[in-house]
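The values are calculated or read from the model by the stated rules, or taken from the named source; none is laboratory data. Keep in mind that what you see is a predicted model, and the values were worked out from it rather than measured. Because the Cβ atoms are built from the backbone with ideal geometry, glycine has one as well, and the counts that use them run over all protein chains shown.
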Amino acid sequence: MRPVGRRNLLRGAAGAAALPLLGAGPAARASDGPVPSARWIGSGPFTHVYDPSTATSPRYLNDHTLIKARDRWHLFGIVGNSAPRGEAPDSGAEVTFAHASAPTVHGPWTTHADALTVDPAYHGEEHLWAPHVVEAGGRYRMFYAAGGQGGAAINLATSTDLSTWTREPSGPLFRGLAARDPMVLRVGDAWVVYYTELSGPGGRHVVAYRRSGDLVHWSAPGTAFADASTDATVSVTESPYVVERDGWYYLFIGPRGGYEGTDVLASRDPFRFDLAGWAGHVPGHAVEAVADGDAWYVTAAGWFRQGVYVAPLEWRAAPPTWQSPDDPVAALDTGGRLTVFALDAVDRSVLRRVQLDPAAGLWSEWERFGGPAGAVPALGRGTDGRLEVFSLAPGGVNLHHRVQRPDGGWFDWEEFGGPAGAAPAVARDAAGRLEVFALAPGGASFARRRQAAPGSLAWDPWEPGFGGAAGAPPVVGVNADGRLEVFAPSPGGAGIRHRWQEAPGGAWTPEWHPFGGPAGSAPRVARDGSGRLTVAAAGPSGLGTFIRRQTVPSGGWDAWQPLFGWSAGAPALAVDADGRLEAFSLSPGGARLVHRRQLAPGGAWDPGREFGEPDLRLAATPTAAVDATGRIHVLAVTPEGGVRTRVQARPSGEWQPWTAFGDRPIAPVVTGAPVP
């Protein structure tokens, strides 16, 4: 049968037998037993170390494997020709495994002849996906996924020199509904293979496992992890990779939090993982974890990159903190001046830049704003126009804030307390009071705090139990009647929930309500000129962006509708002077920025257009903010920390060319990723 794409595999694989949801005895949760001092996981910044491109064609690597043999590292991986900028290639055309070697994981890498090429005569192979190599008994064993006659299959090839490979004469080791992405680990006295699978036709995406004593004959399948979603058509249990450390097992799976995102789950039991064991996030695709002596690294690749990237793997004593949804952030201050805040590239302190003359495009230089900065800060604006900056302390110790004075100056930084898993979401209620919604470390819950009165320096106590566990920081919108409404993705991205005020400035609904839709990353929300809220969210794997809009202002909701194709996350939203929404979506890898706008406030959308610059990659989805003249400013950061801006020529009009926004580099951050 023809293979289906790796990222749009439908759940209903017709004609195949169901995979039983088997376990390995009672569930062992990540909280069982003493927690190791470094139970949490994060990563440092990724460095590009290997490009498989040829003189005639740019190429990518996708799922890959590394093995060290005779003091040299060997790399094997899916390889293919890159698609046009911002587009995904045809995964069915992945028919070759690349091979390279290097003295260290950082290179320099030497390209060798391809290790394996698809062989249709071998039980109808039609593609080669996700190699994983282990050494046992003096032979190297390459496990890989191959479709063909009889459906998805896990195959085996062996070698004595890592160059010449021979397929297992007996044929595929086993088949399944969607069996692919094998990874093999020695657990006790047996070998265990983990792989991507479905629980049955129309069932859940799972990480399955089988046991073996000889690496050829394998047991019936069990289920190591089942995704919470029952209706997703895109797999988010890809590239499973398990490592053991200090008696704990860590499962890396993705794409989660976007195409270039991998979650890590911890458990005492290598055969049972769940979302309660969430241990961190790595901002990479098809992540593999390798140890070299005492040093640990993670590698990443994918369709939208040219080759392999390496980052240090960090074992942490505390949960990693989330980054802010915007980088940089911008809002009008008490003088009506657009003010931009970012993190310094060197020491990650808060920087500020102020628009001095909107008509002339004159700005101040970047200047230090002081204060603790564990992530890009969040902004709130009071009824009198004064800004308030909320900052996350390094390491997620606590929150701080700094308030603008009526004369335009600033009071000193003050501790703000509360949970500190991310910079908070901020909005102004119908009475003019700022309300703050702050996520706890590890996403265990989030809390709410409100100003005692409009413009007051005093705040009511924290309401710690406002929200339960969340898969990313919450976002807050303001209804046309002034009621606040909060949206938060469920753990693991199974969906979005929301809760709202029952009256302007009043009590909140006693319960959270399902909002449905995609939850591949944190959503965004904005209100257009028709008075209706629009929520935008990226689908699983980043395979498209979707929006849901209120049927009437402050009322019910229409169905989800598609807005963009492949996206790194939810698009940035801004409201034109005439009330039309504008949306800006970045492709995974940051190579392509696309722009769409409403044809009328609350109406249909135009077809969209290219909005970025040719050959310029961006680190994350840009920020969009409106100045005092009504013009939208789009601010984007490159991976090197340069800031670029594009501004409307007039309110609600067309756009001027891109220009540099100052010459001081800022710290580029990946939206939704942990603080490096």
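A single entry from THR164, THR110 fulfils the requirement of being within 17 Å of VAL308 (Cβ to Cβ) and without any contact (Cβ under 8 Å) to a residue 12 or more places away in the chain: THR110. In a residue-by-residue description of the stretch 355-373, the property of being touching an Asp or Glu at 6+ places or on another chain (Cβ under 9 Å), modelled with pLDDT of 95 or more, among the hydrophobic types (A, V, I, L, M, F, W, C) and assigned by TED's automatic domain parsing to the domain that holds PRO108 applies to no position.
Does THR299 count as surrounded by 24 or more Cβ atoms within 10 Å (Cβ to Cβ), touching a residue at least 12 places away in the same chain (Cβ under 8 Å) and farther than 27 Å from ILE154 by Cβ? Here the answer is no, as THR299 does not meet what is asked. Checked against the criteria, ALA458 does not count as among the aliphatic types (A, V, I, L, M), in contact with an Asp or Glu (Cβ under 6 Å, 6 or more places away or on another chain) and modelled with pLDDT of 95 or more. The lone criterion from (1) crowded, with 21+ Cβ neighbours inside 10 Å; (2) among the small types (Gly, Ala, Ser); (3) over 27 Å from TYR60 (Cα atoms) left unmet by ALA620 is number (3).
Among the residues of the stretch 400-425, those identified as out of contact with any Leu (no Cβ under 6 Å at 6 or more places or on another chain) and among the aliphatic types (A, V, I, L, M) are VAL403, ALA425. A count restricted to the stretch 438-469 and to residues that are within 19 Å of ALA507 (Cβ to Cβ), under 21 Å from the mean Cα position of the chain (by Cα) and crowded, with 23+ Cβ neighbours inside 10 Å stands at 1. Taken as a whole, the condition of being within 17 Å of PRO325 (Cα to Cα), of a type outside the set (Asp, Glu), in contact (Cβ under 8 Å) with a residue 40 or more places away in the chain and not in a loop (DSSP other than H, G, I, E, B) does not apply to GLY421.
None of ARG268, ARG256 is over 23 Å from LEU177 (Cα atoms) and touching a residue at least 60 places away in the same chain (Cβ under 8 Å) except ARG268.
If only residues of the stretch 325-341 that are touching a Lys or Arg at 6+ places or on another chain (Cβ under 8 Å) and not aromatic (Phe, Trp, Tyr) are counted, the one that is nearest to ALA572 (Cα to Cα) is PRO325. Looking at the stretch 279-315, which of its residues are at pLDDT 95 or above and of a type in the set (Val, Ile, Thr)? Passing the criteria: VAL287, VAL290, VAL298, THR299, VAL308, VAL310. Scanning the stretch 470-488 for residues that are in contact with a Phe, Trp or Tyr (Cβ under 9 Å, 6 or more places away or on another chain) and of a type in the set (Gly, Ala, Ser) yields ALA470, GLY471, ALA472, GLY477, ALA488.
Of the strands (runs of 3 or more DSSP E) lying entirely inside the stretch 227-318, the ones with 2 or more residues being within 23 Å of GLY395 (Cβ to Cβ), of a type outside the set (Gly, Ala, Ser) and over 14 Å from the mean Cα position of the chain (by Cα) are found at 248-254, 295-301, 308-316.
No other residue among VAL95, VAL35, VAL105 is farther than 26 Å from GLY590 by Cβ and either modelled with pLDDT of 95 or more or surrounded by 15 or more Cβ atoms within 10 Å (Cβ to Cβ) (or both) apart from VAL95. Among the residues of the stretch 252-263, none qualifies, meaning not one is in contact with a helix residue (DSSP H, G or I) (Cβ under 8 Å, 6 or more places away or on another chain), surrounded by fewer than 21 Cβ atoms within 10 Å (Cβ to Cβ), under 21 Å from GLY443 (Cα atoms) and not basic (Lys, Arg). Residues in the stretch 55-68 that are touching a residue at least 24 places away in the same chain (Cβ under 8 Å) and part of a loop (DSSP other than H, G, I, E, B): SER57, PRO58. Identify the residue in the stretch 356-379 that is in contact with a Leu (Cβ under 9 Å, 6 or more places away or on another chain) and more than 23 Å from ALA619 (Cβ to Cβ) and, among all such residues, is surrounded by the most Cβ atoms within 10 Å (Cβ to Cβ). Once the filter is applied, the top-ranked residue is PRO358. Within the stretch 642-673, being modelled with pLDDT under 95, buried (at least 18 other Cβ atoms within 10 Å of the Cβ) and part of a loop (DSSP other than H, G, I, E, B) holds for ALA667, PRO668, VAL669, VAL670, THR671, GLY672, ALA673.
Taking the residues in the stretch 129-152 that are modelled with pLDDT under 95 and surrounded by 17 or more Cβ atoms within 10 Å (Cβ to Cβ) as candidates, determine which candidate is farthest from LEU61 (Cα to Cα). For the stretch 129-152, the residue satisfying everything is GLY151.
Of all the criteria given as (1) of a type in the set (Ser, Thr, Tyr); (2) farther than 18 Å from ASP326 by Cβ; (3) surrounded by 19 or more Cβ atoms within 10 Å (Cβ to Cβ), the one not satisfied by SER554 is (3). Checked against the criterion of being more than 29 Å from PRO540 (Cβ to Cβ) and modelled with pLDDT under 95, the candidates PRO504, PRO489, PRO464 yield just one match: PRO464. All conditions but one from (1) surrounded by fewer than 19 Cβ atoms within 10 Å (Cβ to Cβ); (2) of a type outside the set (Lys, Arg); (3) part of a strand (DSSP E or B) apply to SER170; the one that does not is (3). Give, as residue ranges, the strands (runs of 3 or more DSSP E) completely inside the stretch 520-623 that count at least 3 residues that are farther than 30 Å from PRO89 by Cβ. Of the strands (runs of 3 or more DSSP E) lying wholly inside the stretch 520-623, those with at least 3 residues that are farther than 30 Å from PRO89 by Cβ span 524-527, 533-538.
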